[in-house]
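**Student:** First the structure, then my questions, so here it is.
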Amino acid sequence: MNLFVFGLGFSARHFAERERARFNAVRATVTEPERARSLAAETGFTLRAFGPEADDTRIAEDLADTDVLLISAPPGRDGDTVLARYRDTIAKSRIGWIGYLSTIGVYGDQGGAWIDETTPATPKSARSRDRLAVENAWLALGAETGKAVQVFRLSGIYGPGRNPIVKLRDGRTQRIVKPGQVFNRIHVADIAATLAASIERPRGGAVYNVTDDEPAPPQTVTEHAARLTGLPLPPEIDFETADLSPMARSFYGENKRVRNRLIREELGVQLAFPTYREGLAALVSDARR
């Protein structure tokens with residue numbers, strides 16, 4: 001099989017590197033030509049430039065030679081840029097499995113309640129409304145063509161180089177307290193494992209929550225990271241007075257507990273890092289870099 005990835009970011013790159021032996025060829029995009037050249041040398045993948053200011057002419061040919069397609073690029077100002085430029089090419093291709101990486105933000109605020117994939121999506125922010133619209137566009141393509149399109153709604157992503165330990169070490173974290181607030185998280189390795197399991201068991205039209213077992217208050221996770229590493233713990237800051245960007249503040253405006261039963265029961269996924277405790281324990285070395 002050949003893999004093509006639109007948007008070789010943190011999660012998609014981890015998946016491609018972990019599963020590279022499964023594929024004859026791995027091709028992917030980043031937004032800048034210079035970044036494409038440097039990342040190709042770094043990863044050994046074939047990189048193309050694709051974005052608002054770039055569209056490598058070889059992408060159409062790559063898609064014609066693709067079996068597995070992963071979309072990790074965010075929506076553009078006018079919807080999904082991949083569908084806008086390559087919908088017909090993808091529809092006519094031999095691609096059999098398509099995965100779209102979305103966010104649990106599409107559920108909006110659930111007042112701290114437990115939810116699963118049967119919970120109606122009621123996105124609160126414009127960003128999440130855009131995500132839901134793109135999810136539906138990809139699912140519509142699958143229904144029209146018979147291709148197995150799956151949507152993966154990811155919770156807060158962390159992993160090597162991107163986690164609370166790194167933020168503590170670099171002095172880039174705040175211990176913000178908002179009573180009753182909880183978030184789910186997911187280690188990047190468990191995202192990769194879920195995608196691999198779906199490729200083995202495709203189901204067109206499927207929507208999966210990709211999340212850990214234990215939603216927790218953000219300050220609890222930061223405190224645990226400090227205990228594991230001995231790094232200094234920043235003082236508590238009340239949410240109401242915290243200096244937050246509009247995006248960060250909107251993130252705290254949504255409160256939910258997300259179940260992951262479907263990936264376990266349907267795809268057979270066993271999380272390597274079922275809670276933040278296992279995940280952070282495996283990342284302690286990040287504090288020493």
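The values are calculated or read from the model by the stated rules, or taken from the named source; none is laboratory data. Note that this is a predicted model, so its numbers are computed, not measured. Cβ atoms come from the backbone with ideal geometry, glycine included; neighbour counts cover every protein chain shown. Just the protein is used for accessible areas: all its heavy atoms, side chains included, with ligands, DNA and RNA removed. Shrake-Rupley method; radii C 1.70, N 1.55, O 1.52, S 1.80 Å.
**Student:** Dipole of segment 88-185 (Lys/Arg Cβ +1, Asp/Glu Cβ -1, origin at the Cα centre): which of Val177, Val151, Thr103 lies farthest to the positive side?
**Tutor:** The listed residue farthest towards the positive side: Val177.
**Student:** Quick one: net charge of Thr57's neighbours, Cβ under 13 Å, K/R +1, D/E -1?
**Tutor:** -1
**Student:** Round to the nearest 10 and report in Å² the accessible area of Leu228, as given by a 1.4 Å probe over the protein chains' heavy atoms.
**Tutor:** 70
**Student:** Convex hull over the alpha-carbon atoms of the chain: what's its volume per residue in Å³?
**Tutor:** Spelled out: Cα convex hull of the chain, divided by residues, is 134 Å³.
**Student:** Rounded, prolate or oblate, given the Cα gyration tensor of segment 137-250, with a/c below 1.5 counting as rounded?
**Tutor:** Prolate, because a/c is 1.5 or more and a/b exceeds b/c.
**Student:** Can I ask one more? Can you give the net charge of the other residues whose Cβ lies under 12 Å from the Cβ of Asn255, counting K and R as +1 and D and E as -1?
**Tutor:** Charge balance in the 12 Å sphere: +2.
**Student:** Then there is this: Per residue, how many Å² of accessible area does the chain show with a 1.4 Å probe?
**Tutor:** Using a 1.4 Å probe on heavy atoms only, each residue of the chain averages 45 Å².
**Student:** Carbon and sulfur together cover what percent of the accessible area of segment 14-138 at a 1.4 Å probe radius?
**Tutor:** Roughly 47 percent of what the probe reaches on segment 14-138 is carbon or sulfur.
**Student:** Can I ask one more? As a test question: what accessible area, to the nearest 10 Å², does Thr89 have when a 1.4 Å probe is rolled over all protein chains in place?
**Tutor:** 40
**Student:** If you average the sequence gap of Cα pairs under 8 Å that are 6 or more apart and divide by the length of the chain, what percent do you get for the contact order?
**Tutor:** It comes to 19 percent, rounded to a whole number.
**Student:** Below 8 Å between Cα atoms, with a sequence gap of 6+, how large is the relative contact order for segment 128-218 in percent?
**Tutor:** Relative contact order comes out at 42 percent.
**Student:** Also, I was wondering about something else. For segment 64-191, what does the relative contact order come out to in percent, with C-alpha contacts under 8 Å and a separation of six or more?
**Tutor:** Value for segment 64-191: 25 percent.
**Student:** Oh, and also: What FRET efficiency, computed as 1/(1 + (r/R0)^6) with R0 = 22 Å and r the Cβ-Cβ distance, is obtained for Ala126 and Val177, rounded to the nearest 0.05?
**Tutor:** Computed FRET efficiency for Ala126 and Val177: 0.20.
**Student:** A further question on this structure: Say each of Glu266 and Ala140 gets a label point 7 Å from the Cα, pointing the same way as Cα to Cβ; how far apart are those two points in nm?
**Tutor:** 2.2
**Student:** Treating segment 92-189 as a set of equal point scatterers at the Cα positions, no solvent, please give the Debye-formula log₁₀ I(q)/I(0) at q = 0.23, 0.25 Å⁻¹.
**Tutor:** Here the Debye-derived log intensity ratios amount to -1.25, -1.31.
**Student:** If you count, for each residue, the other Cβ atoms within 10 Å and average over each peptide, how do 181-189, 194-202 line up from highest to lowest?
**Tutor:** Those peptides, ordered most packed to least, come out 181-189, 194-202.
**Student:** So, one more: Taking every pair of alpha-carbon atoms in segment 203-289, what share in percent sits in each 5 Å bin, from 0 to the bin with the longest distance?
**Tutor:** 2, 11, 16, 17, 17, 18, 10, 5, 2, 0
**Student:** When the dipole is taken about the Cα centre of the chain, and only Lys, Arg (+1) and Asp, Glu (-1) are charged at their Cβ, what size is it in debye, to the nearest 20?
**Tutor:** That gives a dipole near 300 debye.
**Student:** So, one more: Name all residues of segment 131-146 having a backbone nitrogen under 19 Å from the label point set 7 Å from the Cα of Ala84 along its Cα→Cβ direction, giving them as ranges.
**Tutor:** Correct set: 131-141.
**Student:** Grab the other residues whose beta carbon is less than 15 angstrom from that of Thr275, score K and R as +1, D and E as -1, and report the net.
**Tutor:** That works out to 0.
**Student:** Then there's this: Please identify, among Pro75, Pro179, Pro33, the residue showing maximal mean-square fluctuation in a Gaussian network model of the chain using a 10 angstrom Cα cutoff.
**Tutor:** So, out of Pro75, Pro179, Pro33, the one fluctuating most is Pro179.
**Student:** When a/c is below 1.5 the answer is rounded, else prolate if a/b is larger than b/c, else oblate, so apply that to segment 13-81 with a ≥ b ≥ c taken from the square roots of the Cα gyration tensor eigenvalues.
**Tutor:** Verdict is prolate for segment 13-81.
**Student:** Another question, then. Using 0.36 nm per residue, how much length does the chain from Gln110 to Ala196 gain when fully extended, once their Cα-Cα distance is taken away?
**Tutor:** Roughly 28.0 nm would be gained on extension.
**Student:** Got a sec? What order do Lys178, Lys167, Lys256 fall in by accessible area at 1.4 Å, biggest, i.e. largest, first?
**Tutor:** Accessible-area ranking of Lys178, Lys167, Lys256, largest first: Lys167, Lys178, Lys256.
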